[in-house]
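Engineer: Quick one: structure below, then a few questions.
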Amino acid sequence: MCGIFGCFLNEGNAAPLIHSSLKRLEYRGYDSVGIATISDGKITIKKDQGKIDDVHKIHNLDDLPGSIGIGHTRWATHGAPLQVNSHPHTDCAGEIVVVHNGIIENFLELKSELQNLGHTFVSKTDTEVMPHLIEETLKQNPQLSLEQAVLESLKKIDGSYAFAIISTREPDKIICARNESPLVLGINSHGLFCASDIPAFLEVTNKAVMINNGELVVLTAKGYEIKKISDGSAITREPITIEWTPEMAIKQGYPHFMIKEIHEQPETLSNTLRMQDHYLDLLTTFLDRANEVFLVACGTSYHACLAASYMFSKLAFLPTYPVYASEFVEQHGKSVNIDSTILAVSQSGETADTLAAVTCAQQRAATILGLTNVIGSSLTRISRVYIGTQAGPEIGVAATKTFTSQLSVLAQLALRLSKKRGKISQDEMDTLAEKLDKLPETVDTIVRSQEDKVKNIAKKYANSKVFFFLGRGISTATAFEGRLKLMEIAYIPSIAFPAGESKHGPISLIEDGFPVVFICPKDDSHRTLIGNIMEMKARGAKIIAVVEEGDQEIKGLADDYIEVPKGIPSVLSPIPFAVPLQLLAYYTALEKGFNPDMPRNLAKSVTVK
Ligand code: AGP
């Protein structure tokens, strides 16, 4: 998730506006930045790793000639955040310049084809294949226009993209195109703009044209032309007026980043399903060879590790040990050794406890593997092999989209390991892979169909003294996550434990009316879970059940229930079942007058709508 911007001014230099617009897109990515402008048939590029303000201090991003230019602020997915990997990227001759947001899934094949044709690549990014593809298309078909060469090149690309392209071959235009990654045009009397998101140009215009999937746009002095990528046919579309303030726009009209990020999960889960095979295979090989595997993390990331320990065991027969990072040194610091493998999971890649655990293990020659959302973070630098969760920056304090993205990647690893070890049949494999592919849609259905119901449940129980979260099997991890979210942003004391543990003590806390949230996928634990529900009901608890559609049995027992689509395999269930718990925490925080995006000492400012 990066931010692209293109600017076609009727007069004056475009660079200062590109610079300030990238600043307004910094919430989409901020590990490197770059701008390219075209003037007198010459291209000028300034790009480097680092935050926009820091790069500006070194390179002065306002000082590039020309009224036409493109820019990019990056959230690395392929290639560490280094100057060479920052955008824009060019072809061999430096005549075609491209910025991109998205993931080109078949970039490795395209890259080796182009290298065999003599192209030289300088970066580790997927994006760099695009300018070389256009260059090669024009070399083989010199009669084509730049636009036609772009259209031909797009047909060879698999994956998601929003591109903005300029070239000295046709210096009087910007070409941009969209497939899945967001793209919108801005229009005013001084010029035309294309951007990943409306905030980029809202300071200069509130006239916008939405660009749909499979569309290409050409910006020239005459205006904007939209065409279908599939057949080049023209599309007419009038601008609309945006009523948002710049602050609202950054949240895309959502009141808080947390709810925006909860709604982003269909897109971020799709991103995780576009993961490069060789990264997943590499990590799978290390796990397959490992003698003992510790899954090390803190907070929400630890809950992803706990769920993963069920996935690895159930699918690949690999025992793994989820460990709170803050306890690792004490618990395993003396026994971890050269035969140990650590899979450290951290959204930020910078959590001190996780890094301390990893450093301790590394000093004892253990193999370090990393799963993080921040490419270039300390965890990626210390890891032998790492994978990025590609969820884009997470601004809200509470981890939501990064949790489900972590789980999706961990499930893919467990599936690959299972296949590698021949532990499940091809049919089972196909079924699980198909369900995994469906998860973005499943989560989208949950958010659309259950949000209002969750709002009412939050209203009903917001003043409860305590909340309980219970699950069995892999849902224990989901229960822990539900508890953490409610404590973290609604500040309600909450207790979670494996439902089977209730009778070994915690049940004595239950009083009349206490809300108890049960996580109830229709898996092997379903029958015994009903017994646990009965135990709690017998003591006057209010049962809030997250159930599968059509689960009449538990719906009949519950005081309130939230439904998720049916048929989700148990090992994947923490992904969809966590979403209603994220929503419950969010709406409970609002009910209690807290701002879900703020840490506690700043949270009391919000007024309840
Ligand atoms: C989760 O919502 C919290 N923000 C917190 O528990 C977090 O998960 C924990 O600090 C770990 O962070 P990391 O994933 O960046 O390492």
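Engineer: Any residue in segment 408-420 that is within 19 Å of the chain's Cα centre (by Cα) and either hydroxyl-bearing (Ser, Thr, Tyr) or open to solvent by 30 Å² or more (accessible area, probe 1.4 Å) (or both)?
Structural biologist: yes
Engineer: Assuming Lys419 fulfils every condition listed in (1) within 16 Å of the ligand (Cβ to nearest atom); (2) without any contact (Cβ under 8 Å) to a residue 40 or more places away in the chain; (3) basic (Lys, Arg) apart from one, which condition is it?
Structural biologist: Tallying (1) within 16 Å of the ligand (Cβ to nearest atom); (2) without any contact (Cβ under 8 Å) to a residue 40 or more places away in the chain; (3) basic (Lys, Arg), Lys419 fails exactly one: (1).
Engineer: Can we say Ala399 is at pLDDT 95 or above, surrounded by 18 or more Cβ atoms within 10 Å (Cβ to Cβ) and in a loop (DSSP other than H, G, I, E, B)?
Structural biologist: Taking the combined requirement at face value, the residue satisfies it.
Engineer: Right, here's the next one. If I ask for residues that are within 23 Å of Ala477 (Cα to Cα), more than 16 Å from the ligand (Cβ to nearest atom) and open to solvent by less than 30 Å² (accessible area, probe 1.4 Å), which ones from segment 284-298 would you list?
Structural biologist: Thr284, Leu287, Val293
Engineer: Looking at segment 23-57, which of the residues that are aliphatic (A, V, I, L, M) and in contact (Cβ under 8 Å) with a residue 24 or more places away in the chain is surrounded by the fewest Cβ atoms within 10 Å (Cβ to Cβ)?
Structural biologist: Looking at the filtered set, the residue picked out is Ile45.
Engineer: Right, next: Filter segment 578-609 for residues that are of a type in the set (Ser, Thr, Tyr), open to solvent by 10 Å² or more (accessible area, probe 1.4 Å) and at pLDDT 95 or above and give the result.
Structural biologist: Across segment 578-609, the qualifying residue is only Tyr587.
Engineer: Does Leu219 count as open to solvent by less than 70 Å² (accessible area, probe 1.4 Å) and not in a loop (DSSP other than H, G, I, E, B)?
Structural biologist: yes
Engineer: Applying the selection to segment 466-489, what residues are more than 16 Å from the ligand (Cβ to nearest atom) and out of contact with any Phe, Trp or Tyr (no Cβ under 8 Å at 6 or more places or on another chain)?
Structural biologist: Across segment 466-489, the qualifying residue is only Arg472.
Engineer: Quick one: count up the residues across segment 302-317 that are open to solvent by less than 10 Å² (accessible area, probe 1.4 Å), within 16 Å of Gly422 (Cα to Cα) and among the aliphatic types (A, V, I, L, M).
Structural biologist: Of the residues in that region, 2 qualify.
Engineer: Residue under question is Ala433, and the condition is that it be touching a residue at least 24 places away in the same chain (Cβ under 8 Å) and either surrounded by fewer than 21 Cβ atoms within 10 Å (Cβ to Cβ) or of a type in the set (Gly, Ala, Ser) (or both); does it hold?
Structural biologist: When the stated conditions are applied, Ala433 does not pass them.
Engineer: Right, here's the next one. Just checking, which of Ile240, Ile259 is open to solvent by 50 Å² or more (accessible area, probe 1.4 Å), at negative phi and out of contact with any His (no Cβ under 9 Å at 6 or more places or on another chain)?
Structural biologist: On the way: Ile259 fails: open to solvent by 50 Å² or more (accessible area, probe 1.4 Å).
When all the criteria are applied, what remains is Ile240.
Engineer: Residues in segment 273-283 that are open to solvent by 10 Å² or more (accessible area, probe 1.4 Å) and part of a helix (DSSP H, G or I): how many?
Structural biologist: So the answer is 5.
Engineer: Restricting to segment 189-216, count the residues that are crowded, with 16+ Cβ neighbours inside 10 Å and in a strand (DSSP E or B).
Structural biologist: Residues in segment 189-216 being crowded, with 16+ Cβ neighbours inside 10 Å and in a strand (DSSP E or B): 10 in total.
Engineer: So which strands (runs of 3 or more DSSP E) stay within segment 299-376 end to end and still have 3 or more residues that are near the ligand (Cβ under 10 Å from one of its atoms) and under 30 Å from Ser32 (Cα atoms)? Explain how you work it out, then say what you get.
Structural biologist: Details: elements: 320-324, 340-346, 367-372.
The qualifying strands (runs of 3 or more DSSP E) are 340-346.
Engineer: Within the set of pairs 6+ apart or on separate chains, which have a first residue in segment 335-347 that is open to solvent by less than 10 Å² (accessible area, probe 1.4 Å), a second that is among the hydroxyl-bearing types (Ser, Thr, Tyr) and near the ligand (Cβ under 9 Å from one of its atoms), and C-beta atoms under 7 Å apart?
Structural biologist: Matching pairs, first to second residue: Ala344/Thr354; Val345/Ser301; Ser346/Ser301; Ser346/Thr354; Ser346/Thr372.
The values are calculated or read from the model by the stated rules, or taken from the named source; none is laboratory data. These numbers were taken from a predicted model, which means no experiment stands behind them. Ideal geometry is used to build each Cβ from the backbone, glycine not excepted, and the neighbour counts take in all protein chains shown. SASA here: full protein model, heavy atoms, side chains in, ligands and nucleic acids out. Shrake-Rupley method; radii C 1.70, N 1.55, O 1.52, S 1.80 Å.
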